[in-house]
Amino acid sequence: MKKQILPMLEQQSHQAILERLRPLPAKDVVNVLFSAICREVPRVRWMAITCMGETVARLAEQNMEEARVIMRRLLWSLNDESGGIGWGAPECLAEIMCHQGQLAEEYCHMLVSYMQEDGDELLQDGNFLELPSLQKGLLWGVARLAASRPKLLSNKVSFKDVAPFLASSDPEICGLAARITGSLGMMEAKPQLQELVADQRELLVYGDGDVQPFTVGELAGSALQEML
């Protein structure tokens, strides 16, 4: 199955890939996609992440506990004790939750926790990701889920969680953080967003089956427009 699926990820559109994957056993497809979400080739990685979302949602319809096992497997990959790094895990978690409401209800707080540091607040359970490359995947995932399920995230992501990322020297981190503030209507972010509107640093953002170029200023401006 790996020989059948991996070439699709390299050559076909995401819609064409999904159509060809739907008749195949969901659990077997997921196992192949796990090997692709950490590939260095951006197209292969993003196609695998997109397909993971719909395929795990399909698995959940057949066997919810099997889908939960996949979610726990992705979460475990972000744990220091796993021995891995968790490439692609935050993006996959978010994409799955965009497609499957029950899993979103159960696991969205875990995705958000990777933005938060441990603290003294009651019930605070931060799992802050320090590696910038993982932060980019995390912020893409939170932005994706915030756009898809804003009501679910509105009381789980605070401006305090996002503010440090808006001040990042990395344009991708900064731009994705701006996108989150717009989707969640974080009015507290307005002063920072207004400062970023003139920022011409460039970044690439995946969406709708393709990677598209933006500037930080464009994403900040779009976030401000969403708040009107």
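The values are calculated or read from the model by the stated rules, or taken from the named source; none is laboratory data. Not measured: the values here are computed from a predicted model. Ideal geometry is used to build each Cβ from the backbone, glycine not excepted, and the neighbour counts take in all protein chains shown. Surface areas here come from the heavy atoms of the whole protein model, side chains and all, with no ligands, DNA or RNA. Shrake-Rupley method; radii C 1.70, N 1.55, O 1.52, S 1.80 Å.
A few comments on the model shown:
- DSSP loop GluC sites (Glu not before Pro) with at most 14 other Cβ within 10 Å: longest gap in the chain: 131-228
- Think of the chain as a dipole: +1 on every Lys or Arg Cβ, -1 on every Asp or Glu Cβ, centred on the Cα centre; then among L196, L152, P171, L152 lies furthest on the positive end.
- Assuming charge only on the beta carbon of Lys and Arg (+1) and of Asp and Glu (-1), the dipole of the chain about its Cα centre is about 820 debye to the nearest 20.
- Ranked order, V205, V69 - accessible area, probe 1.4 Å, largest first: V69, V205
- Debye-formula intensities of region 112-193, expressed as log10 I(q)/I(0) at q = 0.11, 0.13, 0.15, 0.16 Å⁻¹, are -0.25, -0.36, -0.48, -0.55 (one equal scatterer per alpha-carbon, no solvent).
- Taking 14 Å as the straight-line reach from the Cα of K2, the aspartates and glutamates in range (excluding those fewer than 8 positions away in the same chain) are E10, D28.
- The chain, accessible surface, carbon-and-sulfur percent (1.4 angstrom probe): 50
- Remark: region 154-200 carries 46 Å² of accessible area per residue (probe radius 1.4 Å; ligands, DNA and RNA excluded).
- Its Cα centre serving as origin, region 156-205 has a Cβ charge dipole (Lys and Arg +1, Asp and Glu -1) of approximately 220 debye.
- Hits among lysines - C-alpha to C-alpha of K160 under 29 Å, sequence gap 8 or more where chains match: K136, K151, K190
- Helical runs assigned H by DSSP (4 residues or longer) give the chain a calculated mean residue ellipticity at 222 nm of -19500 deg cm²/dmol, each run adding -39500 (n - 2.57) before division by the residue total.
- Degrees separating the helix 132-148 axis from the principal Cα axis of the chain, which is the longest one: 90
- Nearest-10 value in Å² for the accessible area of L196, using the 1.4 Å probe: 20
- Stokes-Einstein D (µm²/s) once Rh is taken as the Kirkwood radius of region 56-171 over alpha-carbon pairs, at 4 °C in 1.567 mPa s: 89
- Rolling a 1.4 Å probe over the protein heavy atoms leaves H99 with an accessible area of roughly 80 Å².
- Listed residues V56, Q102, P90: farthest to the positive end of the dipole of the chain (Cβ charges): V56
- Normalised by 2.2 N^0.38 Å, where N is the number of residues, the alpha-carbon radius of gyration of region 1-101 equals 0.99.
- For V205, distant residues with modelled amide H under 5 Å away: Q212, F214
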